[in-house]
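S.K.: Handing you a structure now.
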Amino acid sequence: MTESGTQNPFAPPRALVEDQYVPQAEMVVAGRGGRLGAVIIDTLPFAGIGIVAAIAIPAYVAFTHGRSASIGGAVLFGGLAVVAMIAYVAYSISLVYRFGQTFGKKVMGIRVVRMDGSRVSFARFFFLRYLPLGVIGMIPYIGSLVSLVDSVLIFRDSSRCLHDDIADTRVVTAESAPLATLAGSRIELPTIRA
């Protein structure tokens, strides 16, 4: 046996190594008002187009063809509504996929990220965050109830909606997640200059 002060020449080398932990910047959960503001900013142009179409198409049909052509006006209005919905989905998905934020989220300074802070993939955003509640939303009565529950869940402590739970996402301030973009670095959305 060796004495306590001598080392065994056949023992593996030993070193005292301290773990060096570099904490990741803490992500700051986006406020409810910022999320509401972003939704309003993003949907306002599409809602405006819908309102104009809802007024203009029936007026045009009544003026040119009388009341018998109201079915054609309804079909035309329905077609425009579908086109507007597809345009909104394409707008939202493409910007969240590339930048983690739509124009409204950019204005409000918030970004959609995974729970670990990484960028949301296209498949996760479309097939988990958007599609399930979009399909359920088309079911009469049940869709309205699920949409209401989705919105009300933002008042939980986690401030996550139902679509966030399904897709494993959360909305944080853009400053606290600057690398959660397609390029992995800050990519600025085009700004409108007055």
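S.K.: Please specify each residue of segment 148-168 satisfying the condition of being of a type in the set (A, V, I, L, M) and free of Cβ contacts under 8 Å to residues at least 40 places away in the same chain.
M.R.: L148, V149, V152, L153, L162, I166
S.K.: Report whether or not F125 is crowded, with 17+ Cβ neighbours inside 10 Å, of a type in the set (A, V, I, L, M, F, W, C) and under 10 Å from the mean Cα position of the chain (by Cα).
M.R.: Here the answer is yes, as F125 does meet what is asked.
S.K.: Residue by residue through segment 32-42, note down the ones that are surrounded by 15 or more Cβ atoms within 10 Å (Cβ to Cβ) and of a type outside the set (A, V, I, L, M).
M.R.: Those that are surrounded by 15 or more Cβ atoms within 10 Å (Cβ to Cβ) and of a type outside the set (A, V, I, L, M): G34, R35, G37, D42.
S.K.: Could you check how many residues of segment 31-57 are in contact (Cβ under 8 Å) with a residue 40 or more places away in the chain and within 17 Å of V89 (Cβ to Cβ)?
M.R.: Residues flagged as in contact (Cβ under 8 Å) with a residue 40 or more places away in the chain and within 17 Å of V89 (Cβ to Cβ) within segment 31-57 amount to 6.
S.K.: Would you confirm whether or not segment 107-116 contains a residue that is touching an Asp or Glu at 6+ places or on another chain (Cβ under 8 Å), in a strand (DSSP E or B) and surrounded by fewer than 18 Cβ atoms within 10 Å (Cβ to Cβ)?
M.R.: For segment 107-116, residues touching an Asp or Glu at 6+ places or on another chain (Cβ under 8 Å), in a strand (DSSP E or B) and surrounded by fewer than 18 Cβ atoms within 10 Å (Cβ to Cβ): present.
S.K.: A follow-up question, please. Of all residues in segment 121-143, count the ones that are assigned to a helix (DSSP H, G or I) and either closer than 21 Å to I86 by Cβ or basic (K, R) (or both).
M.R.: 16
S.K.: Out of P58, P140, P132, report the one residue that is modelled with pLDDT of 85 or more and more than 23 Å from V171 (Cα to Cα).
M.R.: Every option except P140 fails the conditions.
S.K.: Considering each of L189, L80 in turn, give the residue that is among the aliphatic types (A, V, I, L, M), modelled with pLDDT under 90, assigned to a loop (DSSP other than H, G, I, E, B) and over 12 Å from the mean Cα position of the chain (by Cα).
M.R.: L189
S.K.: Next up: Of these, S159, S92, which one is surrounded by 15 or more Cβ atoms within 10 Å (Cβ to Cβ), in a loop (DSSP other than H, G, I, E, B), among the hydroxyl-bearing types (S, T, Y) and touching a helix residue (DSSP H, G or I) at 6+ places or on another chain (Cβ under 8 Å)?
M.R.: It is S159.
S.K.: Does segment 98-105 contain at least one residue that is out of contact with any strand residue (DSSP E or B) (no Cβ under 6 Å at 6 or more places or on another chain) and not in a helix (DSSP H, G or I)?
M.R.: Checking segment 98-105: at least one residue is out of contact with any strand residue (DSSP E or B) (no Cβ under 6 Å at 6 or more places or on another chain) and not in a helix (DSSP H, G or I).
S.K.: Can you tell me which residues in segment 18-31 are surrounded by fewer than 10 Cβ atoms within 10 Å (Cβ to Cβ) and at pLDDT 65 or above?
M.R.: Matches in segment 18-31: E18, E26.
The values are calculated or read from the model by the stated rules, or taken from the named source; none is laboratory data. The model shown is predicted, which means the values in this text are computed figures rather than measured ones. Quick reminder, even Gly has a Cβ in these numbers, built from the backbone with ideal geometry, and neighbours come from all protein chains shown.
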